[in-house]
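I have placed the structure first, in the form of structure tokens, so that the comments after it can refer back to it.
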Amino acid sequence: MTMPRPYIPHAPGARIDTSAFQGDWRDDLRIWWREIDKVLLVLVLALMAIGTAGVAAASPASANRLSTSAVALDDLMFFKQHIVWQILGLGAMFGASILSRDNARRAGILLAGAMLFMLCLVPLIGFERNGATRWIDLGFSFQPSEFLKPAFAIALAWILSWRLRDPGLPVLAAVTGLMAIVAALLMLQPNLGDTLLFGGVWFVLVLLSGVSVQRLSLLVGAGVAVLTMAYFFYENARYRIDSFLGGGTAFDQVDLAQRTLIAGGWTGSGLWLGTRKMSLPEAHTDYIFSVIGEEFGLIVCALIVLLYLAILLRVLIRMVDEENLFVLLASAGLVTQVGGQAFINILVNLQLFPSKGMTLPLISYGGSSTIAVCLSIGLLLAMTRRNPYLKRETPGLRAIFGSRESTGKEKRA
């Protein structure tokens, strides 16, 4: 009778051949391509392509407006620079999307700490542009608040996810305190638009984390009180709100943007054939949506809105069965940040919201803003990566709303 050979472990210090378990970069790339949300990626690239055409249309207007008798800017200067920023942004996007969820979390937390420190330096060493001090000169203009946006969403999601380990931890107080610090630093610049955007991300994540309605109502009431104080003590905010409510004049930026938007009708006047854009300030950044409306038509504007809605819906569909609370909250925060900024910008161009000096994500020209938005999308792609061969059995996002509905029924009973 032949006895089976016993297992003999390797002697201490002996080398074990692990080459069979080590994959090369091609294997990592195949795994990334298999797990990445290709639909979300296509939607994002479609918006970036439209943005390239939009900046090409707006570049002559901005170059002409910023030219002087001594220096005449090239009509396509902003378009050429935008291509460079988009290439860098794509590098940041694909680099972030390759990260695992744990590494994306670590990178987001480290970035949040670094950008919060840089935000503290802005009032001290920042330089002024268009009446606001939001940039730091590092050999190039750098806006810390843009890079804080994706990091803020991940940091809040990380803190709120602590509740799963210990429900007694004061996570609500922690995230509210962080929100207050960020809001105070932003208002020193001053930057009311980004303050509202950060507040929106905070609200969505706190709501999804399962905080009681009573406590959330108190926090919302405090937020409304702070906004009311901003109206009375923050002159720029009061001017913009009064101008918006009063209808403005034909010389206001928002009114010019709305007139430019509808000037091209449904099909537009054609590339470089628009005329109203020439009198529009910040045509390549804040009001690029109006330039697209004049030159490419309202149909393309409607397509842009549909693409943003498709991105929001796609992320929600991806998160329906997600069992990891951190991933769910981080994805929700990132898509809220991108979607919220997009719709604020669009509403400003439609004269339905006071001017906020906020770019249109993935479309507007920008240095820090372009790379930061692409980084946000890259982190979102990393969070939504899934093995297509694994089935989810947990209720995920549906459990949050389902539990609230059942709790409400029990209270009514």
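The values are calculated or read from the model by the stated rules, or taken from the named source; none is laboratory data. Predicted model only: the values in this text are computed from it and were never measured. Neighbour counts run over all protein chains shown; Cβ positions are idealised from the backbone, glycine included. Only protein heavy atoms, including side chains, enter the accessible area calculation; ligands, DNA and RNA are left aside. Shrake-Rupley method; radii C 1.70, N 1.55, O 1.52, S 1.80 Å.
The residue that is nearest to Tyr287 (Cα to Cα), counting only those in the range 347-366 that are aliphatic (A, V, I, L, M) and at pLDDT 90 or above, is Leu360.
Applying a threshold of 7 Å to beta carbon distances and a minimum spacing of six or more residues, or different chains, the list of pairs starting in the range 193-208 at a residue that is in contact (Cβ under 8 Å) with a residue 12 or more places away in the chain and open to solvent by 30 Å² or more (accessible area, probe 1.4 Å) and ending at one that is aliphatic (A, V, I, L, M) and part of a helix (DSSP H, G or I) reads Val204/Ala332. For the range 52-100, filtered to residues that are touching a Ser or Thr at 6+ places or on another chain (Cβ under 7 Å) and aromatic (Phe, Trp, Tyr), the residue that is surrounded by the fewest Cβ atoms within 10 Å (Cβ to Cβ) is Trp85.
Restricting Ile299, Ile317, Ile304 to residues that are modelled with pLDDT of 90 or more, β-branched (Val, Ile, Thr), open to solvent by 30 Å² or more (accessible area, probe 1.4 Å) and not in a loop (DSSP other than H, G, I, E, B) narrows the list to Ile299.
The residue that is nearest to Trp162 (Cα to Cα), among those in the range 320-337 that are open to solvent by 20 Å² or more (accessible area, probe 1.4 Å) and in a helix (DSSP H, G or I), is Leu325. When you scan the range 59-92, how many residues do you find that are in a loop (DSSP other than H, G, I, E, B) and either in contact with a Pro (Cβ under 9 Å, 6 or more places away or on another chain) or farther than 17 Å from Ala283 by Cα (or both)? Result for the range 59-92: 7. Looking only at residues of the range 120-147 that are touching a residue at least 24 places away in the same chain (Cβ under 8 Å) and open to solvent by 60 Å² or more (accessible area, probe 1.4 Å), we find that the one that is farthest from Val373 (Cα to Cα) is Pro123.
Conditions: (1) modelled with pLDDT under 90; (2) within 17 Å of the chain's Cα centre (by Cα). Arg65 meets all but one. Number of the miss? Against the list (1) modelled with pLDDT under 90; (2) within 17 Å of the chain's Cα centre (by Cα), Arg65 comes up short only on (2). Answer yes or no as to whether Leu362 is surrounded by fewer than 21 Cβ atoms within 10 Å (Cβ to Cβ), of a type in the set (A, V, I, L, M) and assigned to a loop (DSSP other than H, G, I, E, B). No; evaluated as a whole, the condition is false for this residue. So is Leu188 open to solvent by less than 10 Å² (accessible area, probe 1.4 Å) and hydrophobic (A, V, I, L, M, F, W, C) or not? It is false that Leu188 is open to solvent by less than 10 Å² (accessible area, probe 1.4 Å) and hydrophobic (A, V, I, L, M, F, W, C). Within the range 160-192, the set of residues being in contact (Cβ under 8 Å) with a residue 24 or more places away in the chain and not in a helix (DSSP H, G or I) comprises Leu188, Gln189, Pro190, Asn191.
Does the range 264-281 hold any residues that are open to solvent by 50 Å² or more (accessible area, probe 1.4 Å) and assigned to a helix (DSSP H, G or I), and which are they? Result: Arg276, Met278, Ser279.
Here are some residues: Gly357, Gly340, Gly378. Which one is farther than 20 Å from Val55 by Cα and open to solvent by 20 Å² or more (accessible area, probe 1.4 Å)? Break it down stepwise before answering.
Working: Gly357 fails: farther than 20 Å from Val55 by Cα; Gly378 fails: open to solvent by 20 Å² or more (accessible area, probe 1.4 Å).
After ruling out the rest, the residue left standing is Gly340.
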